[in-house]
Amino acid sequence: MDGLGRMRRHAAAFGRFAGLGTAVTLGASAALVLLSRWMPWQAANALTTVVSTVVATELHARVAFGHGRPGLTGHLKSGATTAVGWLVTSAAVGALAALRPGSGIVLQQTVYLAATALVGIGRYLVLRLGVFARRPRADRRTWAEARAAQAVAA
């Protein structure tokens, strides 16, 4: 594939990733606002992060990257990137609370969503280039195709 075709493929994948990620993040943000009324913000953030990560990993693997079901390994690797993201968003909102005690929900959500956007870019790079990277066709053989090739070779 030529360079322009590769750039288009990555741009399309990033567009799908961003659209899906934005939808899941906005849903998580709304859930975070509701849950933080009944539990500490950090706990609500952890809960919404776990649920939204599972949903987003399924969507990203299947829709954004055309990888199919991510499986346990894909979920664990994606979860690791989310753990780093959770630390970043928690630190951002924690810093806001320390610097501007009593700041309103709008500013809190602005900081949270801005940190989430930066985390999202990092997650895209890790997931696209590492976790759900397209392998050369020879490496994408099914188990049955690999066994048949071994039988022919023997």
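The values are calculated or read from the model by the stated rules, or taken from the named source; none is laboratory data. Please read these numbers as outputs of a predicted model, since none were measured by experiment. Counting neighbours? That spans all protein chains shown, and the Cβs are built from the backbone with ideal geometry, glycine included. Side chains are part of the model used for accessible areas, which takes the heavy atoms of the whole protein and leaves out ligands, DNA and RNA. Shrake-Rupley method; radii C 1.70, N 1.55, O 1.52, S 1.80 Å.
Values as computed for the structure displayed
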| quantity | calculated |
| --- | --- |
| Inter-label distance for Ala117 and Thr73, nm, one decimal - labels placed 7 Å from Cα along Cα-to-Cβ | 3.5 nm |
| Projected label distance in nm at Ala98 and Leu125, using a 7 Å step from Cα toward the beta-carbon | 2.5 nm |
| Accessible surface, the chain, averaged per residue in Å² (probe 1.4 Å) | 61 Å² |
| Between helix 3-35 and the chain: long-axis angle, C-alpha atoms, 0 to 90°, nearest 10 | 40 degrees |
| Percent accessible area from carbon and sulfur atoms, the chain, protein chains only, probe 1.4 Å | 70 percent |
| Whole-number percent relative contact order across the chain, with pairs defined as alpha carbons under 8 Å at least 6 apart | 23 percent |
| The chain: radius of gyration over Cα atoms, expressed as a fraction of 2.2 N^0.38 Å | 1.28 |
| Only Lys, Arg (+1) and Asp, Glu (-1) charged, at Cβ; region 1-145 dipole about Cα centre in debye | 480 debye |
| Efficiency of FRET between Val54 and Leu107 - r from beta-carbon atoms, R0 30 angstrom, step 0.05 | 0.55 |
| For the chain, calculated [θ]222 nm from helices alone, where every DSSP H run of n ≥ 4 adds -39500 (n - 2.57) | -26000 deg cm²/dmol |
| Projected label distance in nm at Arg62 and Ala31, using a 7 Å step from Cα toward the beta-carbon | 1.6 nm |
